[in-house]
């Protein structure tokens, strides 16, 4: 058994002895500090559950998506050591960390039927909550009474980085939990010489190392301080000498968990590297290739920008400037033992950014690992100074209130932005992929590095050509050769560089049997489907509309009109058109007119004007718009907007959208006046072109007297 510290004995006596002069005041402080801890726990729980059902596209979404992707496929295919992160082709595995967190998320989601992302948030929160008892237990080292330990926990709960990243779908709090429990179990092992606690220390150290070795590395520093103190005390002789034999046992007890943890980490890294080197697209993720990325250069540590950025992270995300100053002031009132423990914590804090300089310099979420040591040290100094008779009651309560208030101010300066700013929704293009690509299909993606965004939300395996290696066709063929025939079921091109590469599109379309034109598009990407599935996919998505994506191919459906009028325009003169239109279909009629002295085609929505393109024509230019009178007054006495869209009629009863613009001149001044439209097909048009003007999204065609001022097809 561990003998109670004399300080704790005295504290317990003061709390229970009615003759003690400080007992009433202490009991009052105990109650208030307990309430403050519970209040901070409630505030933290409230904050980390805000926007619970929002997407995970808020901050460092790349890392959250990658973690969620692995958890999703684990939920689908079960647990494997070589767990799936299907972004690069067979063997579909790029293990970066042991999937401790992902197993918990996938298992709990399957067990409870909770959505995967909300389960990920819940698991992250639960691991952070599970860390608090270990922190409480470790505060015994500073000889703090129970309620003073709650004061430290209250300060930890106010740490901005935890108020944000505790809710993220990341492994951070999982690794933190096991690392802190390792230090606590090591403390109990060395104090009680207990085999049970030794087993716990080994298990926690191994899980921490496998989950995230960079987090365990931070806590090896305070663990080393703890072990050295015990070794020194065990080996000290009464005559002042040192007995190595007596110090050997605690040294071995401390070294065993660390050695086994590091051995497990090396085994996992070697296993992962072998898998990564088995695919020509994933070798860049092997540990041998990431050395500079992880540690940075020696010169980085001497750059003023490195220390400036560290200071910004420290004061904005961990401990505000005012709270730091108050902690240093409290250090003058704290007990020597508390100061030594706080110093060990500070050393551990700085070990993170000094060892893994580049990771901490680039990613603020890495401070999830070591922020506890700094905010905990600040809380420890305040808690130790609390009972110093030289510190009156009023200053200590003011200090505590200021620390908590300043911590919230720091949170408000940084992460609060991501709380009130709505996270973007999942991309609609991923929904289109999920609706059109079979479950066993593979999506070939270029131009998006290895961003898991589309593969995760599409719930489809992908072969991502990362690093701009599209010209290395031999490497791609090597990866594709490992797939069953016709398993490439779609292609996505992201970014203008690859979207506008006609040679790349033509080569890929011929190689994989894709239609030469996109089936769907978004602001950033184009989706290509096999030619033989375009028509059934268009039928499947008939009538579907998406906020951030547009299906370009649909079954031929004319605009809905009441008392539709069909007019033969071939015999009429339309000098503003080249060639002349063949026919029109409209509700209110299509006719030649003038606007501001300019010849126009008056085409009130809804209307369609049909053109037969000249042989070899592949470009078009047009001018469309709404007269100023239609938006001169405020709504509802003005147009709510129109949709201008140009289609190409294709064989098989399909219609392909070439160009689309939504004009809302009342709310968007840029949509006022004539609007220039241009499109280059890259190859001759193969069917009739349909120039349409439809009512706005609300379907209201009042004041929609639109016009075409010029149409050229050549």
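Some points to look at:
- Test: residue in segment 201-218 that is in the same structural domain as residue 342 (by TED's automatic domain parsing) and more than 30 Å from the chain's Cα centre (by Cα): yes
- Of all the criteria given as (1) assigned to a helix (DSSP H, G or I); (2) under 25 Å from the mean Cα position of the chain (by Cα); (3) surrounded by fewer than 16 Cβ atoms within 10 Å (Cβ to Cβ), the one not satisfied by residue 457 is (3).
- 1 or more residues under 24 Å from residue 95 (Cα atoms) and touching a residue at least 60 places away in the same chain (Cβ under 8 Å): qualifying helices (runs of 4 or more DSSP H) within segment 118-223: 160-165, 172-192, 195-211
- Residue under evaluation residue 415, criteria (1) under 23 Å from residue 146 (Cα atoms); (2) surrounded by 19 or more Cβ atoms within 10 Å (Cβ to Cβ), criterion not met: (1)
- Against the test of being at pLDDT below 95 and either buried (at least 18 other Cβ atoms within 10 Å of the Cβ) or more than 25 Å from residue 275 (Cα to Cα) (or both), the options 96, 122, 108, 116 yield a single qualifying residue, 96.
- Checking 246, 229 one by one, the residue that is over 15 Å from residue 265 (Cα atoms), touching a strand residue (DSSP E or B) at 6+ places or on another chain (Cβ under 9 Å), in the same structural domain as residue 370 (by TED's automatic domain parsing) and in a helix (DSSP H, G or I) is 246 and no other.
- Of all residues in segment 631-642 being surrounded by fewer than 19 Cβ atoms within 10 Å (Cβ to Cβ) and touching a residue at least 40 places away in the same chain (Cβ under 8 Å), the one that is nearest to residue 713 (Cα to Cα): 638
- Failed item, numbered, when residue 253 is tested on (1) assigned to a helix (DSSP H, G or I); (2) under 37 Å from the mean Cα position of the chain (by Cα); (3) in contact (Cβ under 8 Å) with a residue 60 or more places away in the chain: (2)
- Which numbered condition residue 540 misses (of (1) farther than 30 Å from residue 470 by Cα; (2) out of contact with any strand residue (DSSP E or B) (no Cβ under 8 Å at 6 or more places or on another chain); (3) surrounded by 15 or more Cβ atoms within 10 Å (Cβ to Cβ)): (3)
- Of the helices (runs of 4 or more DSSP H) entirely within segment 391-453, those holding at least 2 residues that are at pLDDT below 95 and closer than 30 Å to residue 69 by Cα occupy 416-420.
- Segment 294-306, residues that are exposed (fewer than 13 other Cβ atoms within 10 Å of the Cβ) and not in a loop (DSSP other than H, G, I, E, B): 298, 299, 302, 304, 305
- Subset of segment 639-662 [within 16 Å of residue 707 (Cβ to Cβ) and in contact with a helix residue (DSSP H, G or I) (Cβ under 7 Å, 6 or more places away or on another chain)]: 639
- Whether a residue is crowded, with 20+ Cβ neighbours inside 10 Å and not assigned by TED's automatic domain parsing to the domain that holds residue 673 was assessed, and residue 605 does not pass this test.
- Filtered residues of segment 675-699 (kept if surrounded by 16 or more Cβ atoms within 10 Å (Cβ to Cβ) and assigned to a loop (DSSP other than H, G, I, E, B)): 681, 685, 688, 696
Rundown of residues vs (1) modelled with pLDDT under 65; (2) touching a helix residue (DSSP H, G or I) at 6+ places or on another chain (Cβ under 6 Å); (3) not in a loop (DSSP other than H, G, I, E, B), yes/no style:
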{"position": "15", "(1), (2), (3)": "yes, yes, yes"}
{"position": "29", "(1), (2), (3)": "no, no, yes"}
{"position": "32", "(1), (2), (3)": "no, no, yes"}
{"position": "37", "(1), (2), (3)": "no, yes, yes"}
{"position": "44", "(1), (2), (3)": "no, yes, yes"}
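The values are calculated or read from the model by the stated rules, or taken from the named source; none is laboratory data. Since we're looking at a predicted model, the values are computed, not measured. As a convention, Cβ positions derive from the backbone with ideal geometry for all residues, glycine included, and neighbour counts pool all protein chains shown.
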